[in-house]
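Taken together, the values in this text are just the output of simple stated rules run on the coordinates, not laboratory data. These numbers come from a predicted model, not from an experiment. Here the Cβ positions follow ideal geometry from the backbone for every residue, glycine too, while neighbour counts run over all protein chains shown.
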Amino acid sequence: MPPDPASPERPRRFRTIPIRMLVPNMITLLAICAGLTAIRLSTEGRMELAVGFIVFAAVLDGVDGRVARMIKGQSKFGAELDSLADFVNFGVAPGLILYFWQLHDLNNVGWIAAMIFAIGGSLRLARFNATMDDPDKPAFAANFFTGMPAPLGAITVLLPIYLSFLDVPMSPAVLTALYTLLIGFLMVSRLPVFSGKSMNMRVPRELVLPVFVGVVLFIALLIGYPWHILSVVSLLYLASLPFGWKSYREQERALAAQTAADPAAGPSPHPAYPAPAAGAAPDDRPPRLD
């Protein structure tokens, strides 16, 4: 509708957006640039720089969400952009890097392994978004991811490349392809994995300086010995997966025993969803989406 000439002031077409809402999205866009640059570097054979950009993208992925929560800059747009960035940086880019590094020796088999890894990353991200607000999850499940997270999957799947940079004899391409498929399977599996998101972020006053020293030491080691640190971190993370599964099962059994002893202490029932209004058009979507 055209504005009324008699109106004292014209309505504003666009509302302003606070800068704090843009900062996390700029960090996410920078991470996408890092992932795309890693793909380009891998096609040029500069694998060390390509892997370095994937690690840089993983660091930015861990920063953008925390910055958004810190400055209250969360938005639905940012959440969707972050998922798309994760698919590019931790699904497509690592798969292509592995393909250009060694999997191309297997021709179509190597390409299929790279594609399955990328598809596994996309399915893992889609499942995470779909189940983020699942009301049926027990309280302790907030301490666990379902399946290996995409950023850690990307860091872990590049382990054969780290080892090659350390002059370890290169494994056969078939083993690299099987390892790539294994990490892709772990991402889409139902394996409970420690998340660490619900850990207490407060540090006792007497431990502030030791924490600073430890962080600086880790960063210095990562810069000075990147492939040693990434190899050790990847192996330790893979070794921790059985402990995450064991801890989840123990808490699940404890909750089941508590529920059996006191049914009132069990998880809350499904929330009641309002019935559609009379005369409303039929809707084929599941009731939970309404």
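With r defined as the distance between the Cβ atoms of Glu48 and His104 and R0 fixed at 25 Å, what FRET efficiency is calculated, to the nearest 0.05? Computed FRET efficiency for Glu48 and His104 comes out at 0.85. The label point for Leu238 and the one for Val203, both projected 7 Å from the Cα toward the Cβ, are 3.1 nm apart. What net charge do the residues around Ile161 carry, taking every other residue with its C-beta under 15 Å from that of Ile161, with Lys and Arg at +1 and Asp and Glu at -1? Taking every other residue near Ile161 into account, the sum is -2. Packing, as the average of other Cβ atoms within 10 Å across residues, places the peptides 215-228, 100-113 in the order 100-113, 215-228, highest first.
Potential lengthening of the chain between Ala126 and Val67 amounts to 18.9 nm, from the contour at 0.36 nm per residue minus the alpha-carbon distance. Under a Cβ-Cβ cut-off of 13 Å, what is the net charge of the residues other than Thr28 that fall near it, where Lys and Arg count +1 and Asp and Glu count -1? With Lys, Arg at +1 and Asp, Glu at -1, the net is -4. Residues whose amide H lies under 5 Å from that of Phe145, counting only those 5 or more places away or on a different chain, are Val193, Phe194, Ser195; hydrogens are built 1.01 Å from N in the peptide plane.
In terms of the mean number of neighbouring beta-carbon atoms within 10 Å, the peptides 18-29, 232-243 order highest first as 18-29, 232-243.
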